[in-house]
1. Length gain on complete extension for the stretch residue 492 to residue 434, per 0.36 nm per residue less the alpha carbon to alpha carbon distance?
2. With unit charges on the beta carbons (Lys and Arg positive, Asp and Glu negative) and the dipole taken about the Cα centre of the range 582-709, which residue among 639, 629, 593 sits farthest to the positive side?
3. Rounded to the nearest 0.05, what FRET efficiency do residue 117 and residue 208 have when you use their Cβ-Cβ distance and R0 = 30 Å?
4. With r defined as the distance between the Cβ atoms of residue 97 and residue 219 and R0 fixed at 35 Å, what FRET efficiency is calculated, to the nearest 0.05?
5. Quick check: residue separation of residue 624 and residue 74 times 0.36 nm, minus the Cα distance between them. What number comes out in nm?
6. What is the distance in Å between the Cα centres of the range 413-471 and the range 586-624?
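Nothing in this text is a laboratory measurement; each read-out follows from the coordinates by a stated rule. The structure presented is a predicted model; accordingly, all values stated were derived computationally and were not measured. Cβ coordinates were reconstructed from backbone atoms using ideal geometry, including for glycine residues, and neighbour counts include every protein chain displayed.
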Amino acid sequence: MRRPWYLYPLLFVGCVALLGALFRPVFGVTSTAPGATLLDAERHLAVSADGPLARSGARTGDLFVEGESVEVAQSPDGPATLRWRRGIPRSGTVHLRRDGKSLWIEVRPAPPAWPVRLAWWITGLLNVSLTAMALALFWQRPRDGRAILLGLVLLAAPVFSLPREPRLIPLALAAHFYTLFPTPAAAPTGRRRWTLLRIYGPLLFAGLLGGALAGDGKSHSATSVFDLTAIGYAGYCVLRVLRRWRTADEVTRPVIRTLTVAAVAMLAAVIGAVSQRLWVLWDQFVPANLVPAAVFSAAIGHLVFRLRALEVRLMARRTLQYLLARWTLGTLFLIPGFLLVWRFGQLSGSGAKSNPSEVLGFLFWMFLTAVLLGKRHEVLRNLDRRFFRDVEVTRQALIRLAQDLGGASEPDAVLEALEAGAREALHPRFLRFALPDVPPENDVELTVPLRRGSRVLGHLHLGARETGDAYSSEERELLEAAAVQAAMALENARLNAALLARQREELTVRTAGVLAGAEEERRRLAADLHDQVLPELRQIVVDVERLAVHANGLAPDLQRLAGEVRGTMDSVRDVMEALRPSSLDMLGLGDALESYFRRGAFRCDPPISVTVRRVGAEPDLSPEQSLALYRICQEAINNVLKHSRATRAGLELCLEGDTFSVAVWDEGAGLPGTAGSGSGHGLRNMRYRADLIGAGVAWQPGQPSGTRFEVTLPLSHTDRQPLLPDNDGVME
């Protein structure tokens, strides 16, 4: 992605703000006076023993010439004293004369007490975090106007803690930010322009008017204009957020509450900075706007990290992962080293003595940073577990979902894995899969398409999360990636199913051709036996009987030979019947099976009692279907006759709706445990013949004993035409 040109100036401003927020706590001071009075009109000094001037090397009797950070304060009732310029303690060079020689010494205010220094550091670290998040926003979402605006507000947060009047530009940006959060209503273009003019118009007017007054020498009036404009901006933010309470719901109420705290804190910070009266508290240099400015920064941080405004929390995670692991810790390790070198250079140039506490503090800082740098991977994992646990759990669950989808090969398994993984990762209140032409319902919170190239296979509709949180951009991206994986799995499953169906069809056609050829060959062999072998055997019987009349001594042998030939003829007829069942052509499937079953049961020892039950009319089956069903049931009947040792058996033919079934049952010993799974050559043949005509076979235990075998054939529309007369007595 090509980044816009304005990104780099924003990054430069952000880096400057980051350095300012980072180094500001280092320069915290107290309000202690420079520690010197003037003895005479020539401005000889009387230096206090424990003041900043004494610690910097000034002595009583030195002549004060000028100072960069200190000035002479005339007192009507007492001697003149030195004080900090504008009442703000800060470091600076002082020009003195001693014994006719000029001296330039650097005067540094006394460091603050530890509670004040701690407050400065906490505020500074908070502002550093906000500034770092602003840089992450600029880099990762450079074309999102709301993200850029929030980043500028994050950069402006440290301004409100400075010990002077807040700048008007940060206040205008904050006012603009308050017009957009939490969710702005869609406004026409003209109204948006009016909103921008209303926000930034006072900034332009105050700048022109204040500049004109300052140019005329009316600095006090210019300051008043700037102060009133700043208070007006802060008050506008308070009024703006208070109006949002009327339309707040359960989802936006926490955001509105946080914005209210931030707006009130900003107004207090502006008023405290404008007053400039409470900068000194308990002899410590503490700006009155420090506390409300810290509250404002904390509220903005809560809005970003806790309430996930603009999903910056995820960017914080990425920033911590990449910047902290690679650059931030290394930079934090080098900063105290540079500060030590700079401090030692100052000490060597001025000849002053160093403070061991300063050196030890920097060394401890470097040691702690070095430990974190060596364990940065563990630090990142702990940060993820502590602050981004839900994000990490969701990310891992969606990654596992993509892996599970890669191993699924059936469409039902793909959809089940997608649904289970999405529920585990995101916890939606409902989850539905819909085809592309089905519109989503009103309560759908997130819709993810299952897209394969330019073709959409379906949509995954998710309701609101059970926790009430919105779906983040990272969760959407991961779910969309899982949806792409699911679409690929569905497409692969479809292609595999189509390939298997084509192969099965081709195999069925080839096998059907082979079986048809085999059946045709059987038909030919049966015809040859009927037309050639049987007449010849019948002629042999006739000749033997004719010879037996004239052969007195051989008549018994000839009669026996004639009987054997007749037995051979019966065997040939059985072979013919096995090759091509004539009863199937003459009687139909049901009667042919009943005839075969009863004839075989009668030959058993002891004979088997056969019961035949018919439900519905026999459908009009194709010759291939009739022959396949006959062969399948013939094998089942043979199993009953040979292996069941039953005394009762039965045959059932049933037509129910679109299904025709034939069942063979017995009350015998039953089949082995593996028979139902298709073991055995005969049972495999039965299953194979059933597959060729699209039928299904099943073995079940009989009631009360024995085995029940059933073959089920789904029928097409033409297959269901029964061979029965209609109401007029005409065959259909």
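1. So the extension gain works out to 19.0 nm.
2. Sorting the options by dipole projection puts first 639.
3. 0.15
4. 0.60
5. Between residue 624 and residue 74, full extension yields an extra 185.6 nm.
6. 55
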